[in-house]
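This report refers to the structure that appears directly beneath it.
Every number in this text was worked out from the coordinates using simple rules, so none of it is lab data. Computed from a prediction, not measured in an experiment: that's the story for all the values here. All Cβ positions, even for glycine, are placed from backbone atoms using ideal geometry, and neighbour counts span all protein chains on display.
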Amino acid sequence: MTAETPGHATLIRNPLSLVGIWLTTLGAFAFLGYLAAEALGYFDTPYSGLIGFVAVPALFVLGLILIPLGMWREGRRRRAGRVWSWPTINLGYRRTRAILTVVGVLTVVNATLIAVAGLGATHYMETTEFCGQVCHEPMKPEFSAHAVGSHSSVPCVACHVGPGAQGVVRAKMNGTRQLYKVLTGTYARPIPVPAHGLPSAQGTCEGCHTPGRAERDVIRMARTYAEDETNTETATEVVLYMARNHWHARKDIRVEYLATDLKLETIPYVRVTDAAGQVTEYFAPGTDARPAGDLRRMDCLDCHTRPAHAFSPTADAAVDVALASGQVPKSLPYVKREMVAALKQENPDERAALEGIRRRLAEFYAKQPAQAADAERAITAAERLYRTNVFPSMKVTWGTYLSQMGHSQMTGCFRCHTDEHKSRDGRLIRQDCALCHKEM
């Protein structure tokens with residue numbers, strides 16, 4: 001085929017390339033329209049970002065791919081039975097110069113649109129809304145707990161994506177695997193814990209917190225309530241020795257351990273390297289040498305196992321917190337008993353559960369019209385406690401997700417502090433309450 005001259009049909013005049021041109025043009029205008037609409041505040045759902053920064057740019061790029069693909073197919077069709085020769089670009093023709101100018105300008109525009117869309121997509125996929133709401137069902141428990149926790153202003157990527165390019169690549173690969181499971185509906189219900197493969201605390205937590213630098217002890221007040229008419233309160237004040245508790249995470253101390261189960265509950269071997277470099281090994285009963293396996297360096301996440309996604313271990317504990325914080329009026333008769341009973345009812349889904357909670361409490365307090373306002377506060381609080389702790393579609397209920405902090409929910413400190421982990425010279429990892437706190 002000889003080089004084309006002006007006036008001849010061009011390679012771009014084929015159905016596939018024309019579809020590509022149409023898609024590219026549509027994608028460009030749709031993306032610009034989305035940017036304008038977002039700037040004006042018309043989109044406030046997490047799905048809008050998925051469409052604007054992912055779907056629309058993908059449509060745009062698909063069109064760009066189809067244009068040269070169609071030209072290649074058209075050229076192949078024309079070359080059938082003929083000898084191919086490279087086309088000649090003759091800048092002496094005004095039309096050729098005009099076409100090259102248009103192609104150059106469009107290339108710059110297209111590259112700019114792709115770059116802006118890519119930056120937008122990257123930014124959007126780093127938001128908490130993307131992580132928690134696009135994958136709506138599987139991440140609903142974690143997203144709900146995060147929203148009411150002390151880390152609610154910390155985006156997911158700050159803790160779940162490690163520093164540097166390696167951390168980003170690992171997170172994206174993990175995200176691709178999770179996306180496949182979401183699309184195929186093969187994700188676990190509930191999501192198993194602990195989540196392995198998370199970045200270390202050195203690259204995440206320590207961006208805001210300095211380990212081993214606790215400067216003062218902390219006084220905590222634990223309040224519990226009886227299921228009697230007056231909701232009798234019991235208060236226990238505890239002093240926590242913060243410097244002692246955070247000794248494990250000091251920069252000049254290295255505490256390492258080896259666990260034999262995925263939940264890191266069974267720890268037969270501990271190795272401590274002190275500030276002077278002296279190494280001490282501790283062995284559980286029945287263990288005479290270091291077991292096979294990789295050592296894990298103890299860091300923040302070994303105790304603070306659910307720092308941003310805390311769930312109440314029981315309905316009883318959740319109601320205690322609501323009463324202690326004033327969300328529920330303690331003067332309401334039998335409110336502790338009735339709220340716990342309402343929250344423990346078995347229901348097939350969230351809607352039925354919320355209806356059941358409201359019905360039970362409303363019926364119980366219907367005979368006390370003078371306390372209608374307090375009863376409504378209790379109902380609202382009970383509904384909130386349910387929505388942030390129980391998720392039937394994900395098989396998450398009271399006690400599904402527990403924390404290793406302390407030793408009230410799981411083994412916690414007593415994984416190592418057993419009075420049985422012993423060094424070769426007879427020293428023990430002591431199980432002594434006074435090491436960490438004292439009651440007042």
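So the values come out like this:
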| item | result |
| --- | --- |
| Hz values of 3J(HN,Hα) by residue in the stretch 268-275 - Karplus curve (6.51, -1.76, 1.60), Gly and Pro given as x | x, 9, 9, 10, 10, 10, 7, 4 |
| Relative intensity, log₁₀ I(q)/I(0), of the stretch 50-155 from a Debye sum that treats every alpha carbon as a point, q = 0.16, 0.23 Å⁻¹ | -0.90, -1.20 |
| Sequence-distant lysines (8 or more away, or on other chains) whose Cα lies within less than 20 Å of residue 336 | 344, 367 |
| Simple label model, 7 Å out from Cα along Cβ direction - residue 420 to residue 18, nm | 8.0 |
| Total charge dipole magnitude, the chain, about the Cα centre, Cβ charges on Lys, Arg, Asp, Glu only, Debye to nearest 20 | 2380 |
| Span-like helix ranges in the chain, DSSP H, alpha carbon extent 20 angstrom or more, Kyte mean at least 1.0 | 15-39, 94-124 |
| Relative contact order computed over the stretch 142-278 (Cα-Cα under 8 Å; 6+ residues apart), in percent | 16 |
| Cα shape, the chain, gyration tensor, a/c 1.5 rule | oblate |
| Lysines with Cα under 18 Å of residue 140, excluding same-chain neighbours fewer than 8 positions away | 181, 395 |
| The stretch 319-440: translational diffusion in µm²/s, Stokes-Einstein, Kirkwood Rh over Cα pairs, 25 °C, 0.890 mPa s | 141 |
| Relative contact order (%) - criterion: Cα under 8 Å, at least six apart; region: the chain | 14 |
| Zone of residue 341's modelled label, taken as backbone nitrogen in the stretch 385-408 under 17 Å from a point 7 Å along Cα→Cβ | none |
| Residue (of 18, 308, 164) at the positive-pole extreme of the chain, dipole from beta-carbon charges | 18 |
| Residue with peak Gaussian network fluctuation, the chain [Cα springs, cutoff 10 Å], from 398, 22, 247 | 22 |
| Two-site FRET efficiency, residue 292 against residue 407, from Cβ-Cβ distance with R₀ of 22 Å, rounded to 0.05 | 0.20 |
| Lys/Arg +1, Asp/Glu -1 at C-beta; the chain dipole; positive extreme among 259, 230, 428 | 259 |
